[in-house]
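K.L.:
The structure under discussion is supplied below as structure tokens; questions concerning it will follow.
The values are calculated or read from the model by the stated rules, or taken from the named source; none is laboratory data. In this text the structure is predicted, and so the values were computed from the model without any measurement. Every residue, glycine as well, gets a Cβ built from its backbone with ideal geometry; the counts of neighbours run over all protein chains shown. Note: areas computed on protein heavy atoms with side chains; ligands, DNA, RNA excluded. Shrake-Rupley method; radii C 1.70, N 1.55, O 1.52, S 1.80 Å.
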Amino acid sequence: MRRFILQRIGQAALVLLVMSFVIYSLIGLMPGDPLDVMIASNPGATPEVVARLRAIYGLDQPLMYRYGHWLLAAVQGDLGFSRTHSQPVLEVLAPALWVTCKLMLASFVISVSLSLILGISAALRPGGIVDGIINLGAFAGISVPVFWLALMMILVFAVKLHLLPASGIANIDDGGFVDHLRHLIMPVATLALANTGGFTRFVRASMIETLRMDHIRTARAKGNAEGRVVLVHALRNAMIPVVTVMALSFGTLFSGALLTETMFAQPGMGKMIYDSILSNDFNLALSGLLFATLVTLLSNLAADLAYGWLDPRMSR
Amino acid sequence: MQFRAALAALTIWAGLAAPALAKDDLVIGVAQFPPSLNPNIDPTVIKSYVLDFATRPITAYDKDWKLSCLLCTTLPTIENGGAKFEELPDGKKGMAVTFTLKPDLKWSDGTPVTTKDLVFTWKLGSDPKSGFSNNDPWDRAKKIDVIDDHTAVLHLDRVYVAYNVWDQLLPAHIEAAAAEGKEAGDYLKATAYNRAPTTLGLYDGPFMVTKYESGAQVVLEQNPHWAGTKPYFKRIIIKTIENTAALNANLLSGDIDMAPGDAPALSIDQVIALQKQAPDKFEYIYKPSLTYEHIDLKIENPLLQDIRVRQALLYAIDRETLVKKLFEGKQPVAATWVNPLDGNYTKDTATYPYDPAKAKALLAEAGFKPGADGICRNAAGDKLSFEYATTAGLKLRELTQQVLQSQWKAACVETVIKNEPARTLFGETTKKRTYTGMVMYAWSSAVNESPRKTLFSNQTPSAANNYGGANYIGMADPKLDADIAASEQELDPAKAKPIWAEMQKIYADQVRVLPLFFRAEPYVLPKWLKGFTPTGHGDYSPLWSENWRAE
């Protein structure tokens, strides 16, 4: 097992190196540089000022030279300086990561828990009333655009009912645990609802298939209670494909919650990566995307380890 | 019973959840977060807006577009002797401008603002390695003679119209350490405005930054050492909500009090819609600004080289109705790049009102006749068709584009829409002048700003000048060049006005650009906010925020 983990960590490092090169090159291929939009809206910026700024930000150097320079510093722990935030990348990344971690972990736990309950309930009587209602809800969750759901939540719970704050992380005069929690309710609920539909469908499909297997029939024939059959014998087997999907989703959640973060003014990783790409903030975009890649790799590693626990034959 | 209990719980939760907003705070919602708080780095609108609560430039244009002193006691002018011409060692004419700083000015840690700060800012701003990119460069001064702690004479290397327009000072006692770096860009990384923007002593205005949550909000509190009018509000909270639909909802929910028009917030169509939805909930102001929306024409296109075609394009579009229908008439139609509110504006220019018959007659005169498909062709069979580009994704621009496209089609001119993301449009298409027909966009300028960068012949971007300059239309008129140079040297407003009138006349006569309108800044303000004065130019309303109050 140790060898397996070390091997996967080595692979992850290689993937990160290749990805850093690919991302840097792709960002470099985008037209213009960070100063172009500034110049376009500011006729006062003379060519001399622009040339001076390009030199200061290193934009007058070839792309590969800049990449090499970045890589050398990165392996020494220096991810560079964010031009758009005027701060070291790590100082921009850390708070965004914290915001995203709170959002993602909460919504992931909620959506996984909900989807297990709903998916199993639906699988127990495929085609029944409960299954129909859960399917309808799942399809609604998959189909509803996140930005619309977020806006509706704001309009209902903040504008009409005044139950929850419309946006932000915390009130300026409060900032306590409860206050943070209140600010998290709507974004977490939005993300959780958006993910639950898909997860529920996977759990349901996998459970229906597993419940038809011979070993389940055997378990029932041996007189095991139905709850034990479902939760111990069936669920464990059914979780193998579901874990793969969840692991992949977990990685994308870290960089893909752009709409939710934007709607609820949560300055997280998705928004940071999007803005840094649009503004050609190479160092920040690269670090953000690499971090998202790392999370995806780690969640897949966790999924591989989980397979071994769910089905010991797979770790052999 | 259960329902009642749930309702009671909801009511209690609602009571706890909606704390009444004390008028001690003013919460402002904006759609961008400032990338830096250093007054001289990255001249973004949002940065300047936030900083204008906390730092003051030496001079600024007020709501009536008149230059006034904010840090100085008297505005130096030629008339009052505060500014004088002087002969430079090389025989050329320079200027000596004397500034006296207000004696009671203090940084937010209580340290007096003195000429030491002025000299420090000038030295740093004149160093190419510092990365300054402010609009009123410090390197205009080649020498500063310090008279005392509050008075200094700035010696300029030539005559400038904006000789008495100077930006914010930096606190030498804090920023000196950051300025010690030897390498280019060291100051950008070390400045306390970026590393620790809540440091006491960085600000000399009525407010100071006390909380800075990157990407989320900036909190400003009263500067205890501010000697001017005491601000009414104890705190200004500037919240970033990038999605404007969410920003709108935050206004309605009361989570934010106002959406400013002079910072990125709601677009004009959103404010017009909000006004219809909630006419009595807020006060709405539409302030015409210096942002000029227009269409550049590619003069190298053979079809556009005929001035009659260019004139016909302008006669064929009904800009008055466009502005009325799309913007409820809030955005004034432009005749040239000079705003009617500007002192140098002249109304004696060609205006090209909507006249489709005249457009068709001009096209016929230029040899174009409508074909079977309704599009005009000349004797050589060239179709009167142009590519028409603008920034993709901006709804109002795209709507404007569709209206103009249909009006041109009625005049037998085909336009093929070819929109691009902003960074492609400005990073390649306009910068390298690769557009083939028309490109629609806007630019902002300062009050009385010379049009050198956009209209002077040597400012046409090319490989030779590393694609510097913003003369995207390739204007190259010796008379206009001479007028631009003359206007930059003429300090007497009465004598400058005819020069500016001549420039506007040339611009309008040549129709190298199709002027559309000046954007209006849409403000959504709480009804209780008094003393608020929008300016419509780059010296934003927060520069006078100490006068804002709740009533």
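K.L.:
Through the Karplus equation 6.51 cos²θ - 1.76 cosθ + 1.60, θ set to phi - 60°, convert the phi angles of the stretch B:212-217 into ³J(HN,Hα) values in whole Hz; use x for Gly and Pro.
P.N.:
Coupling constants for the stretch B:212-217: 9, 9, 3, x, 10, 7 Hz.
K.L.:
I would also like to ask the following. How would B:Leu394, A:Leu211, B:Leu314 rank on accessible area, largest to smallest, probe 1.4 Å?
P.N.:
Per-residue accessible area, sorted high to low, gives B:Leu394, A:Leu211, B:Leu314.
K.L.:
Still on this structure, I have one more. Quick one: which residues, 5 or more positions from B:Lys142 or on another chain, have an amide H under 5 Å from its amide H? H modelled 1.01 Å from N in the peptide plane, none for Pro or chain starts.
P.N.:
Residues meeting the amide H criterion: B:His155, B:Leu156, B:Asp157.
K.L.:
A further question follows. Taking amide H positions as placed in the peptide plane 1.01 Å from N, state which residues far from B:Lys211 in sequence (5 or more) or on other chains have amide H under 5 Å from it.
P.N.:
Excluding prolines and chain starts, which carry no amide H, the hits are B:Val219.
K.L.:
Treating the angle as unsigned and between 0 and 90°, give the value, to the nearest 10°, between the Cα long axis of helix A:177-211 and the longest Cα principal axis of chain A.
P.N.:
With both axes taken from Cα atoms, the answer is about 50 degrees.
K.L.:
Given a 1.4 Å probe and the protein chains all in place, what does the accessible area of B:His150 round to, in Å² to the nearest 10?
P.N.:
Accessible surface of B:His150 is approximately 50 Å².
K.L.:
Viscosity 1.567 mPa s, temperature 4 °C: give me the Stokes-Einstein translational D for the protein assembly as shown in µm²/s, with Rh taken as the Kirkwood radius over C-alpha pairs.
P.N.:
Roughly 43 µm²/s, to the nearest whole number.
K.L.:
Restricting attention to the stretch B:232-262, which trypsin sites (Lys or Arg not before Pro) occupy a DSSP loop and are surrounded by at most 16 other Cβ atoms within 10 Å?
P.N.:
B:Lys234
K.L.:
I'd like the interface area for chains B and A: accessible area of each alone minus the complex, both sides summed, 1.4 Å probe, protein heavy atoms only. What is it in Å² to the nearest 100?
P.N.:
Chains B and A together bury roughly 4800 Å² of accessible area.
K.L.:
What is the total of Lys pairs in the stretch B:57-172 with C-alpha atoms under 20 Å apart, excluding same-chain pairs fewer than 8 positions apart?
P.N.:
Pairs that pass both the separation and distance tests number 17.
K.L.:
Take every Cα-Cα pair in the stretch B:290-520 and report what % of them are more than 33 Å apart.
P.N.:
Numbers: 3937 of 26565 pairs.
The share of Cα pairs beyond 33 Å in the stretch B:290-520 comes to 15 percent.
K.L.:
Taking the DSSP beta bridges in the stretch B:290-520 as the whole, what percent of them are antiparallel, to the nearest 5?
P.N.:
70 percent
K.L.:
Once phi is turned into ³J(HN,Hα) by the Karplus curve 6.51 cos²θ - 1.76 cosθ + 1.60 with θ = phi - 60°, what whole-Hz value does each residue of the stretch A:94-110 show in order, with x for glycine and proline?
P.N.:
4, x, 5, 5, 5, 4, 5, 4, 4, 4, 6, 5, 4, 5, 5, 4, 5
K.L.:
Got a number for carbon plus sulfur as a percent of the protein assembly as shown's accessible area, 1.4 Å probe?
P.N.:
Carbon plus sulfur share of accessible area: 61 percent.
K.L.:
Would you kindly work out the equivalent ellipsoid of chain A from its C-alpha gyration tensor and give its semi-axes, the square roots of five times the eigenvalues, largest first in whole Å?
P.N.:
Working: eigenvalues 379, 144, 47 Å².
So the equivalent ellipsoid measures 44, 27, 15 Å along its semi-axes.
K.L.:
Please report the antiparallel percentage of the DSSP beta bridges confined to the stretch B:57-172, to the nearest 5.
P.N.:
Roughly 100 percent of the beta bridges in the stretch B:57-172 run antiparallel, per DSSP.
K.L.:
By residue number, which cysteines of the protein assembly as shown lack any other Cys whose Cβ falls under 4.7 Å from their Cβ?
P.N.:
A:Cys101
K.L.:
Express the accessible area of the stretch B:242-319 per residue in Å², computed with a 1.4 Å probe while the remaining protein chains stay in the model.
P.N.:
The answer is 30 Å² per residue.
K.L.:
Across the stretch B:379-393, in residue order, what do the Karplus-derived ³J(HN,Hα) couplings come to in whole Hz, using 6.51 cos²θ - 1.76 cosθ + 1.60 with θ = phi - 60° and x for Gly and Pro?
P.N.:
4, 7, x, 6, 7, 7, 9, 9, 6, 10, 10, 7, 6, 6, x
K.L.:
How far is helix A:2-29 tilted, in degrees, relative to the longest principal axis of the Cα atoms in chain A, given as a value from 0 to 90 rounded to the nearest 10?
P.N.:
Approximately 40 degrees, to the nearest 10.
K.L.:
Given H placed 1.01 Å from N in the peptide plane, which residues other than close sequence neighbours of B:Val27 have an amide H under 5 Å from its amide H?
P.N.:
Amide H neighbours of B:Val27: B:Ile237, B:Asp257, B:Met258.
K.L.:
From largest accessible area down, sort B:Thr336, A:Thr252, A:Thr244; use a 1.4 Å probe on the protein chains. Provide the component values of the computation, followed by the final result.
P.N.:
Values: B:Thr336 5, A:Thr252 85, A:Thr244 50 Å².
Greatest to least solvent exposure: A:Thr252, A:Thr244, B:Thr336.
K.L.:
Under the rule of -39500 (n - 2.57) per DSSP H run of 4 or more residues, summed and divided by the residues of chain A, what mean residue ellipticity at 222 nm is obtained, to the nearest 500 deg cm²/dmol?
P.N.:
Working: 13 runs with 225 residues, N = 316.
Helix contribution divided over all residues of chain A: -24000 deg cm²/dmol.
K.L.:
Which shape class applies to chain B: rounded if a/c is under 1.5, otherwise prolate when a/b exceeds b/c and oblate if not, where a ≥ b ≥ c are the square roots of the Cα gyration tensor eigenvalues? Display every interim value, and only then the final one.
P.N.:
Details: a/c = 2.11, a/b = 1.20, b/c = 1.75.
Here chain B falls in the oblate category.
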